Amino acid sequence: MARFTRIQVAQKMAETGMVPLFYHPDVELGKKVLTACYKGGARLLEFTNRGDFAHEAFGELNKFCAKELPEMILGVGSVTDAGTTALYLQLGANFVVTPVFREDIAIACNRKKVLWSPGCGSLAEIARAEELGCEIVKLFPGGVYGPGFVKDIKGPQPWTSVMPTGGVSPTRESLKSWFDAGVTCVGMGSKLISSEILKSGDFATLEANVKAALDLIRELR
């Protein structure tokens with residue numbers, strides 16, 4: 001069962017402005033990534049469902065968070081069907097992020113009152129997702145649509161909360177363009193948690209990068 005309600009998750013996404021994304025099959029490496037992000041000030045992390053037995057690693061990492069990083073809200077990403085959603089909900093996923101809009105995932109998450117953020121690419125998809133209770137819409141792939149898309153949809157739909165993923169970098173130029181357009185938060189994967197950091201084990205740099213990105217977001221707002 002999720003440790004955080006969907007309202008708590010949505011509020012924390014809006015408060016911090018950033019959701020780091022990460023996947024690796026090595027649980028011990030995952031713990032180090034989570035700890036570095038936590039020390040850097042992140043309070044959410046999306047563990048992407050991208051490898052064999054990813055759910056097993058997620059379960060161990062979620063237990064680690066509950067014990068060692070009590071304020072860390074661990075969710076799952078890259079989920080594409082209700083069955084996989086249900087599996088991760090059993091493992092205590094606090095939010096579910098999808099690359100596509102699926103009503104079956106909405107139903108599975110809403111039944112357990114867990115936040116779900118579907119990947120949408122049109123006003124029609126966004127409107128339907130909100131009708132099904134979506135709090136924060138994922139714009140994916142963000143790099144294809146760009147900040148201009150967000151700015152344009154916020155005109156007729158100022159109530160819509162958007163989290164672009166893909167096409168976001170922890171630089172002033174990138175973050176300023178997205179937050180000026182009106183996003184609620186951003187998702188960042190390899191641009192923040194790079195393969196170089198994972199290979200070198202330089203988690204002090206990861207911690208510093210996370211802190212710098214969060215500080216920049218606070219300043220730009």
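No value in this document is a laboratory result; all are computed from the given coordinates. Everything quoted here is computed from the prediction, not taken from an experiment. Note that we place each Cβ from the backbone using ideal geometry, even for glycine, and neighbour counts take in every protein chain shown.
General remarks:
- The residue of the range 36-45 that is farthest from the chain's Cα centre (by Cα), among those that are within 11 Å of Ile193 (Cβ to Cβ) and not in a loop (DSSP other than H, G, I, E, B), is Ala36.
- Only one entry of Phe95, Phe64, Phe47, Phe101 meets the criterion of being in contact (Cβ under 8 Å) with a residue 40 or more places away in the chain and either crowded, with 18+ Cβ neighbours inside 10 Å or small (Gly, Ala, Ser) (or both), and that entry is Phe95.
- Residues that are charged (D, E, K, R) and either within 26 Å of Glu196 (Cβ to Cβ) or under 16 Å from the mean Cα position of the chain (by Cα) (or both) are absent from the range 81-103 altogether.
Let's see how each residue does on (1) assigned to a loop (DSSP other than H, G, I, E, B); (2) touching a Cys at 6+ places or on another chain (Cβ under 8 Å); (3) in contact (Cβ under 8 Å) with a residue 12 or more places away in the chain:
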position	(1), (2), (3)
Gln157	yes, no, yes
Thr160	yes, no, yes
Met163	no, yes, yes
Leu175	no, no, yes
Asp180	no, no, yes
Glu196	no, no, no
